[in-house]
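Since every read-out is calculated from the coordinates, none of them should be taken as a lab result. On a predicted model such as this, the values are computed, not experimentally measured, just so you know. Here the Cβ positions follow ideal geometry from the backbone for every residue, glycine too, while neighbour counts run over all protein chains shown.
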Amino acid sequence: MNPVLVAHGTRKGSGVAMIGDLAEQVSTLLGRRVHTAFVDVLGPTPAEVLSTLPYGPAVVVPAFLSSGYHVHKDIPEGIAASGHPDVTVTPALGPSTAMVRVLADRLIESGWRPTDSVVLAAAGTTDPRAASDLRRTCAMLSATLGSRVELAFAISGTHWVGDVVARLRRRGAERVAVASYLLADGLFQDRLYTCGADVVTDPLGRHPGVAKLVASRFRMARVSLAA
């Protein structure tokens with residue numbers, strides 16, 4: 001099995017390094033090299049990586065927190081362009097209980113208090129499938145924290161995180177905590193840091209729970225291939 005981790009991509013060096021660190025963590029857990037590819041901004045692309053892999057089946061894990069355009073269109077197109085004859089694609093990383101546990105851990109380590117108003121801040125999407133995934137994650141985090149969590153986006157427009165934080169303040173929130181639902185540093189994470197919240201969590205990619213989830217995705221695919 002040739003494992004391939006496919007992420008979005010960013011121009012920010014620290015964000016690229018985070019994805020590289022995640023791949024290294026997963027490589028250690030699996031005991032084999034995990035290749036990385038990106039669907040946007042930088043390369044190598046999934047097609048480039050898959051076309052140069054050693055002989056044997058390949059497993060692609062989408063390093064995305066919901067199943068939107070990149071998972072349903074960019075990755076399949078990259079696989080088709082590669083000409084690789086045997087590629088299995090696993091589900092995206094979210095929604096999942098594992099990612100909700102990571103979100104809760106990030107909030108706790110960042111100074112979240114049970115009385116805080118909480119905002120789950122994702123990159124943003126126009127894909128209804130991804131939007132449904134994000135709403136589900138928001139509901140799961142609400143259940144975990146025992147209080148309502150608002151969904152917001154790092155892109156400008158409807159439900160922009162800065163507007164949601166301001167609305168919560170107008171409603172009387174004394175403190176607002178923003179839970180970043182992003183894997184790596186980049187433009188979107190920078191926007192979260194300036195949204196006016198009292199607490200903004202770091203990206204999720206370097207949390208050990210994410211590496212364990214990715215490794216689990218690869219292992220489950222390997223078992224399916226063996227069967």
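Yes/no per residue for (1) over 26 Å from Ala131 (Cα atoms); (2) assigned to a strand (DSSP E or B); (3) touching a Lys or Arg at 6+ places or on another chain (Cβ under 8 Å):
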| position | (1), (2), (3) |
| --- | --- |
| Val16 | no, no, no |
| Ile19 | no, no, no |
| Ala23 | yes, no, no |
| Leu29 | yes, no, yes |
| Val41 | no, no, yes |
| Leu50 | yes, no, no |
| Val61 | no, yes, yes |
| Ser67 | no, no, yes |
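Among all positions in region 155-166, there is no residue which is in contact with a Pro (Cβ under 8 Å, 6 or more places away or on another chain), in a helix (DSSP H, G or I) and within 19 Å of Pro114 (Cβ to Cβ).
Thr144 - would you say it is hydroxyl-bearing (Ser, Thr, Tyr), surrounded by fewer than 20 Cβ atoms within 10 Å (Cβ to Cβ) and in contact with a helix residue (DSSP H, G or I) (Cβ under 6 Å, 6 or more places away or on another chain)? Considered against the rule, which asks whether it is hydroxyl-bearing (Ser, Thr, Tyr), surrounded by fewer than 20 Cβ atoms within 10 Å (Cβ to Cβ) and in contact with a helix residue (DSSP H, G or I) (Cβ under 6 Å, 6 or more places away or on another chain), Thr144 comes out as yes.
Under the condition of being on the phi > 0 side of the Ramachandran plot and surrounded by 15 or more Cβ atoms within 10 Å (Cβ to Cβ), the residues counted in region 72-86 number 0. Scanning region 119-140 for residues that are among the β-branched types (Val, Ile, Thr), in contact (Cβ under 8 Å) with a residue 60 or more places away in the chain and out of contact with any Asp or Glu (no Cβ under 7 Å at 6 or more places or on another chain) turns up just one, Thr137. Only one of the listed residues (Asp163, Asp105, Asp116, Asp133) is of a type in the set (Asp, Glu) and within 30 Å of Asp74 (Cα to Cα). That residue is Asp133.
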